[in-house]
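The values are calculated or read from the model by the stated rules, or taken from the named source; none is laboratory data. Bear in mind the structure is a predicted one, so any value in this text is a computation, not a measurement. Using ideal geometry, Cβ is built from the backbone for each residue, glycine included, and neighbour counts are taken over all protein chains shown.
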Amino acid sequence: MRSLSASVISGVLAALALLVAAPALAAAEPAELVQVADPYLELHTAPGRGYPVFHVAGRSDWVAILSRHTDWYKVRLANGKEGWVERKQLETTLTQSGAQKTFRDVLLDDYLSRRVEMGMAWGRFKNEPMLKLWTGYRLSDTLSAEATVGQVQGVFAGTDFWHIGVNAEPWSDKRLSPFLGVGLGKFKNIPNTSLVSSITTNAKLAHAVAGVRWHLSDRFVVRADYSIYTAFVADTRASEYRALTAGISFFF
């Protein structure tokens with residue numbers, strides 16, 4: 001497969017740089033608070049049963065969830081002590097509204113706290129094979145910015161494209177979650193050199209997508225989407241392409 005053109009790479013790298021810089025510009029979010037419902041909550045020195053318990057939080061104490069490592073969560077008590085708590089103990093804690101926190105809530109909160117996503121997908125672009133890669137940054141629970149680079153290898157021509165846009169995911173707290181998105185970018189079609197009329201086409205690109213996401217875990221997501229690409233090849237002429245892809249992404 002042909003390598004991506006320099007213009008495509010430079011455009012996508014610029015978009016990715018903005019997305020990567022976004023977390024540094026974002027304000028720090030407060031840690032989630034939960035209340036101990038059991039008689040006690042054991043704090044370990046590190047994530048693992050082999051590490052000793054060095055402190056115990058009592059019933060009705062409030063703890064802040066800071067981070068996660070596998071099935072262990074780092075928490076901070078009101079007195080400033082920090083330690084690691086096993087997942088099953090957090091399942092019985094209470095939220096600030098007084099409701100019991102389920103394992104699904106724990107996983108979902110952890111998933112929604114992740115901001116940066118990377119993924120890849122394969123599919124068909126106007127009946128020709130297509131590969132695309134994307135990087136996204138979650139702006140809120142329902143909105144995310146995304147930069148995508150793709151390549152289509154056809155029989156008579158190859159196509160490179162990139163676009164940046166915004167996706168809306170109204171039910172991001174559901175395991176099966178639909179989403180919609182729009183974006184703008186660049187489109188480059190390069191005919192095979194064996195053709196008599198091998199004129200490269202460079203055009204502005206508009207993109208619209210509808211799809212679904214299936215959350216395999218708090219970190220991995222399977223995604224399928226249907227896209228419409230409109231390439232503005234001239235002032236009075238545009239070409240429309242449709243694509244269907246499926247792939248996987250991960251958060252970190």
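What residue, of Thr92, Thr142, is β-branched (Val, Ile, Thr), surrounded by 14 or more Cβ atoms within 10 Å (Cβ to Cβ) and at pLDDT 80 or above? Talk me through it step by step, then tell me what you get.
Working: Thr92 fails: at pLDDT 80 or above.
When all the criteria are applied, what remains is Thr142.
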Next on the checklist: Give all pairs with beta carbons closer than 9 Å in which a residue from the stretch 70-87 that is touching a residue at least 24 places away in the same chain (Cβ under 8 Å) and in the same structural domain as Ser60 (by TED's automatic domain parsing) meets a residue that is hydroxyl-bearing (Ser, Thr, Tyr) and not in a loop (DSSP other than H, G, I, E, B); count only pairs at least 6 apart in sequence or on separate chains.
Outcome noted: Tyr73/Ser67; Lys74/Ser67; Trp84/Tyr73; Val85/Tyr73; Glu86/Tyr73
Checklist entry - Which ones in the stretch 207-232 are surrounded by 15 or more Cβ atoms within 10 Å (Cβ to Cβ), more than 21 Å from the chain's Cα centre (by Cα) and free of Cβ contacts under 8 Å to residues at least 40 places away in the same chain? => result Thr230
Checklist outcome for this item: Note on the stretch 133-151: residues over 23 Å from Phe187 (Cβ atoms) and either assigned to a loop (DSSP other than H, G, I, E, B) or of a type in the set (Asp, Glu) (or both) are Leu139, Ser140, Asp141, Thr142
Checklist entry - Only one residue in Ala99, Ala121, Ala78 is modelled with pLDDT of 85 or more and over 22 Å from Val221 (Cα atoms). Which one? => result Ala78
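Taking the stretch 39-60 on its own, how many of its residues are among the charged types (D, E, K, R) and either exposed (fewer than 13 other Cβ atoms within 10 Å of the Cβ) or at positive phi (or both)?
Number satisfying all stated conditions: 2.
In the stretch 134-153, how many residues are within 16 Å of Leu205 (Cβ to Cβ) and of a type in the set (A, V, I, L, M, F, W, C)? Step through it out loud before you land on a result.
The initial filter retains those residues of the stretch 134-153 that are within 16 Å of Leu205 (Cβ to Cβ), namely 134, 146-152.
After this cut, where a residue has to be of a type in the set (A, V, I, L, M, F, W, C) as well, the list is 134, 147, 149, 152.
Total satisfying the criteria: 4.
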